[in-house]
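The values are calculated or read from the model by the stated rules, or taken from the named source; none is laboratory data. As the structure is a prediction and not an experimental result, all values here were calculated from the model. All Cβ positions, even for glycine, are placed from backbone atoms using ideal geometry, and neighbour counts span all protein chains on display.
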Amino acid sequence: MATAPPLARAYEALRPKILQRLLERRSAIDPGLGRLDEAAARAQIGAVLEHMGNFIAAGDLRMHRAFLQTFLAMRAAEAQSPASALATLVAIGDTAVQVAQDQAGVAAQGAELTLMLTRVTASTARALNDLIAEELESRRRTWRDMSAHVPPGRTQS
């Protein structure tokens, strides 16, 4: 990561501490993560943290939205609601902010990293809410289209 922006490097330096804190608190963050063994929880949380680092480094919102869509689909496959996925991602972001705050006096760019992680968490929540709203609108449109094409002699339920 030699060519990465300074905040991305600062985040990468803190990522092991963030991961450790999340693993310790995983049951409180998300009961689904609490039911996983440590290796599986580490893999799932690690993927989110890695993506956060990529978003900090690149700032690519389209890539971020694509990750969030994948995360929503994965959570849906685990019978988790979109609201649960949102709560999990916000809790992961909030924990990252707490770790950055704890290290602000020690780590280079600590205060700026705390602010960046707060913005990333807010952007994540906003983007995920947008994705959920878009999916809801798509389902409503499909329902309206299907309702408009009810064969004659049939009643709508």
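Can you run down the residue pairs with Cβ atoms below 9 Å, 6 or more apart or on separate chains, where the first is in the range 75-87 and exposed (fewer than 13 other Cβ atoms within 10 Å of the Cβ) and the partner is in a helix (DSSP H, G or I) and not small (Gly, Ala, Ser)?
Ser81/Arg75; Ala83/Ile132
Can you tell me which of Leu23, Leu49, Leu72 is assigned to a helix (DSSP H, G or I), under 26 Å from Glu134 (Cα atoms), in contact with a helix residue (DSSP H, G or I) (Cβ under 7 Å, 6 or more places away or on another chain) and at pLDDT 95 or above?
The match here is Leu49.
Please tell me if Pro31 is surrounded by fewer than 17 Cβ atoms within 10 Å (Cβ to Cβ) and modelled with pLDDT of 95 or more. Before you say what the answer is, go through the steps one by one.
Values: surrounded by fewer than 17 Cβ atoms within 10 Å (Cβ to Cβ): yes; modelled with pLDDT of 95 or more: no.
No, not satisfied.
Taking only pairs six or more apart or across chains, which ones have beta-carbon atoms under 9 Å, a first residue in the range 44-70 that is farther than 22 Å from Leu33 by Cα and without any contact (Cβ under 8 Å) to a residue 40 or more places away in the chain, and a second residue that is of a type in the set (A, V, I, L, M) and in a helix (DSSP H, G or I)?
These pairs meet every condition: Asn54/Ala8; Asn54/Met63; Ala58/Ala8.
Give me the residue from the range 135-157 that is at pLDDT 85 or above and either surrounded by 11 or more Cβ atoms within 10 Å (Cβ to Cβ) or touching a Phe, Trp or Tyr at 6+ places or on another chain (Cβ under 9 Å) (or both) and, out of that set, farthest from Asn54 (Cα to Cα).
Leu136
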